[in-house]
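The values are calculated or read from the model by the stated rules, or taken from the named source; none is laboratory data. Bear in mind the structure is a predicted one, so any value in this text is a computation, not a measurement. Please note: Cβ atoms are built from the backbone with ideal geometry, for glycine as well, and neighbour counts cover all protein chains shown. Ligands, DNA and RNA are stripped out before the accessible areas are found, and what is left, the full protein with its side chains, is counted by its heavy atoms. Shrake-Rupley method; radii C 1.70, N 1.55, O 1.52, S 1.80 Å.
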Amino acid sequence: MSVEPPAPKLRAAWPEILQAASHEELAATLLAYVQPRRWYRAKTRPARGARIADVIPLDGPSAAPSSALILLEIDYQFGDPECYAVAVLPADGANARRLADSRPPALIAWLGSTGGALVDGLATGGLAGNLLAVASEAKTRVGQAGALQGEGSAALRESSAQQLLPVEVSRTEQSNSTIILGQRVLLKVYRQVMAGLHPELELGHFLTGHRRQPPTPRVLGALYWHAAGGAEHSLAVIHEFLPNDGDAWSWTLRELDAAVDRVNVMSVTTDATAPAMTSMVARAETLGRRTGELHQALLDTAPADGGEPDPAFAPMPLTSDDRAAAVSRVQAMLHRTVDALPSHLEKLPPLLRARAARLLDPASDERRLIGALLDDFRDEPLDVLKTRIHGDLHLGQVLCRQDDFVIIDFEGEPARPLAERRAKASPLRDVVGMLRSFDYAPEAVLRQRASSRKSRLPQEREPPVLEFLASWKDAVAAAFQRGYLQQVGDAPFLPVIRRAPSATRTTPDPAQLSLMMRFFQLERVLYEIEYEANNRPDWVDIPLRGLCALTGEKVPR
């Protein structure tokens, strides 16, 4: 667990710290504050400096605002600048000291000689209501160099008319800050603010008004920042809050952990785990159906009000040019993986190390099989459509509601540019994302047990446990795919067997479907290897096993 560095001390007090004369000091302080945060994206890029892009009072025009939204632009030694949002307010001495003890990440800096502090009002939740008011009343807050614009639905105005308490700040921040108000409204603020339409807002608005009522929460409102030059940046999305039992990733790990306990006690996998296996397989099939319902909604672009379809959602053929571009992208990913692997080989188990080493040889059978897969995907005459997709679907993007599910977080992969996240693709990419999540879960449980000293052995790799986890993964993956394919039927984003030139689409083509799935699995595991190498080197063996399995051999755990 990382230790929060002590907060610095600013020369200026509130509200003088917001004025232009103090911007240089404020920018340096905020840069030091954002860099350790989980939502800071550029951890591998040295920063060259920062500047205050805008300061927007959240309570309207005032010489002494009680709070403000600050847009911080960071320059790097290489690559494009990035912009981050920090909502700030002052805290008096007693409250500041209490925050320093109870929630250090919320404390940005001590202020002047007053004994007070500058606080992150999103980390504490203290400014959630201010932001919600701007959205629900469609207000504009003018800043020093731009403006904050709110957008709210009638449902949001109705909710905001009530006292939305309590205010709960999510402790599991990723690329955003999430705050739940009154168990009715969920405010998600994008800490990294990018110009252009955000895919979560775009997809959320589309699905909210969809006639199919897909398994997703409704969008109630949004916040946008308009920069001085006129570019619009998506700042926040406001959803209805749906009571739930937590995310599917956490639920899965708990269920698997309990099942491993039973295996350890009984050492008889079938008798020990049959009830848990039955329950998880049934839920996986339900999750497959819900995923299929989402993809059917994204395929059906006819508006419920009978208007014109939005061209941003219109399905299009997955062309040979699309496939060639995808192959080129995967080839580049493969080259980066090969370049990164040598520094990780010594930490791998012997069998996996030997298989991974063969991937470094361009003349090896493994590389030949990968090349053949890429060639086949590029050259196969696939008659399928591409649509908008979730873009980053895994168990952590799904909420459990008793025995059912709701799909959330339509941001796409945060490291990709917005244009790439908004691009149309095969829905099978989402299917593969979920299957890879099933592959990760058993390893996450074993590592979690080892770190908590719950294992009977240092690495808990006894045959009964491994046999159960392997059978679990196969069973839930098959159930998920079964539920998915039953739901989507002969959807035109799946390849089918045509019995005659004029025949309607009927039976999925198993060979072409397998080809597409294997290609997207290759794309996904290469992405995972790159991610793990940069962020969790001790986990790089998980996607490496997936890559080896694609080349024809499963490596024992």
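Across segment 182-191, the number of residues qualifying as touching a strand residue (DSSP E or B) at 6+ places or on another chain (Cβ under 6 Å) and open to solvent by 10 Å² or more (accessible area, probe 1.4 Å) comes to 1. Only one entry in Asp361, Asp375, Asp339 is under 23 Å from Leu522 (Cβ atoms) and either at pLDDT 95 or above or among the hydroxyl-bearing types (Ser, Thr, Tyr) (or both), namely Asp375.
Do the conditions hold for Arg171, that is, is it open to solvent by 30 Å² or more (accessible area, probe 1.4 Å), in a loop (DSSP other than H, G, I, E, B) and either touching a Gly at 6+ places or on another chain (Cβ under 8 Å) or over 30 Å from Ala63 (Cβ atoms) (or both)? Yes, satisfied.
Residues of segment 90-111 being in contact (Cβ under 8 Å) with a residue 40 or more places away in the chain and open to solvent by 10 Å² or more (accessible area, probe 1.4 Å), which ones?
Within segment 90-111, Pro90, Ala100, Pro104, Pro105, Leu107, Trp110 qualify.
Would you confirm, using the coordinates I've provided, whether Gln149 is at positive phi and either in a strand (DSSP E or B) or in contact (Cβ under 8 Å) with a residue 24 or more places away in the chain (or both)? For Gln149, the condition - at positive phi and either in a strand (DSSP E or B) or in contact (Cβ under 8 Å) with a residue 24 or more places away in the chain (or both) - is not met. Entry remark, segment 220-252: residues being among the β-branched types (Val, Ile, Thr) and touching a Phe, Trp or Tyr at 6+ places or on another chain (Cβ under 9 Å) number 2 in total.
Filtering segment 112-145 to residues that are free of Cβ contacts under 8 Å to residues at least 24 places away in the same chain and small (Gly, Ala, Ser) leaves Gly115, Ala138. Out of the residues in segment 479-497 meeting the condition of being at pLDDT below 95 and exposed (fewer than 15 other Cβ atoms within 10 Å of the Cβ), tell me which one is farthest from Thr387 (Cα to Cα). Looking at residues that are at pLDDT below 95 and exposed (fewer than 15 other Cβ atoms within 10 Å of the Cβ), I get Ile497.
Quick check: anything in segment 217-236 modelled with pLDDT of 95 or more, touching a Lys or Arg at 6+ places or on another chain (Cβ under 8 Å) and among the hydrophobic types (A, V, I, L, M, F, W, C)? Looking for residues that are modelled with pLDDT of 95 or more, touching a Lys or Arg at 6+ places or on another chain (Cβ under 8 Å) and among the hydrophobic types (A, V, I, L, M, F, W, C), one finds at least one in segment 217-236, hence yes.
Filtered by the rule that a residue be crowded, with 16+ Cβ neighbours inside 10 Å, at pLDDT below 95 and not charged (D, E, K, R), segment 22-57 gives Trp39, Tyr40, Ala42. Remark: pairs (first residue in segment 367-380, in contact (Cβ under 8 Å) with a residue 24 or more places away in the chain; second residue small (Gly, Ala, Ser); Cβ separation under 6 Å; 6+ apart in sequence or on different chains) = Arg378/Ala324.
Please specify each residue of segment 227-268 satisfying the condition of being farther than 22 Å from Lys473 by Cβ, touching a residue at least 24 places away in the same chain (Cβ under 8 Å) and open to solvent by 60 Å² or more (accessible area, probe 1.4 Å). The answer is Ala228, Glu232, Pro243, Asp245.
Only one of (1) closer than 30 Å to Thr507 by Cβ; (2) open to solvent by 20 Å² or more (accessible area, probe 1.4 Å) is not met by Leu360, so which one is it? Here Leu360 meets the rest and fails (1).
Within segment 277-336, if we keep just the residues that are in a helix (DSSP H, G or I) and either at positive phi or of a type in the set (Lys, Arg) (or both), the residue that is most open to solvent (accessible area, probe 1.4 Å) turns out to be Arg336.
Taken over segment 133-152, the criterion of being of a type outside the set (Lys, Arg), touching a Gly at 6+ places or on another chain (Cβ under 6 Å) and open to solvent by 30 Å² or more (accessible area, probe 1.4 Å) is satisfied by Ala138, Glu151. Tyr33: assigned to a loop (DSSP other than H, G, I, E, B) and either of a type in the set (Ser, Thr, Tyr) or over 26 Å from Gly129 (Cα atoms) (or both), yes or no? Against the criterion (assigned to a loop (DSSP other than H, G, I, E, B) and either of a type in the set (Ser, Thr, Tyr) or over 26 Å from Gly129 (Cα atoms) (or both)), Tyr33 does not qualify. State all residues of segment 18-38 that are under 14 Å from Leu72 (Cα atoms) and of a type in the set (A, V, I, L, M, F, W, C); if no residue qualifies, say none. Of everything in segment 18-38, those that are under 14 Å from Leu72 (Cα atoms) and of a type in the set (A, V, I, L, M, F, W, C) turn out to be Leu18, Ala20, Leu26, Ala27, Ala28, Leu30, Leu31, Ala32, Val34. Residues that are among the polar types (S, T, N, Q) and either modelled with pLDDT under 95 or open to solvent by less than 10 Å² (accessible area, probe 1.4 Å) (or both) within segment 389-436 comprise Gln402, Ser426, listed in sequence order.
Going through (1) crowded, with 17+ Cβ neighbours inside 10 Å; (2) free of Cβ contacts under 8 Å to residues at least 12 places away in the same chain; (3) acidic (Asp, Glu) one by one, Glu82 falls short only on (2).
If you go through segment 10-19 and pick out every residue that is under 27 Å from Leu132 (Cα atoms) and open to solvent by 40 Å² or more (accessible area, probe 1.4 Å), you end up with 3.
Look at Leu201 and say whether it is closer than 30 Å to Ala423 by Cα, touching a Leu at 6+ places or on another chain (Cβ under 8 Å) and modelled with pLDDT of 90 or more. When the stated conditions are applied, Leu201 does not pass them. Number of residues in segment 164-198 that are closer than 24 Å to Glu420 by Cβ and of a type in the set (A, V, I, L, M, F, W, C) equals 5.
What number of residues within segment 498-525 satisfy the criterion of being open to solvent by less than 60 Å² (accessible area, probe 1.4 Å), modelled with pLDDT under 95 and not in a loop (DSSP other than H, G, I, E, B)? Even if it seems obvious, please write down each step before you answer.
Within segment 498-525, the subset open to solvent by less than 60 Å² (accessible area, probe 1.4 Å) is 500, 503, 505, 507-509, 512-517, 519-525.
After this cut, where a residue has to be modelled with pLDDT under 95 as well, the list is 500, 503, 505, 507-509.
Of the ones still in play, those that are also not in a loop (DSSP other than H, G, I, E, B) are 507-508.
Residues in segment 498-525 being open to solvent by less than 60 Å² (accessible area, probe 1.4 Å), modelled with pLDDT under 95 and not in a loop (DSSP other than H, G, I, E, B): 2 in total.
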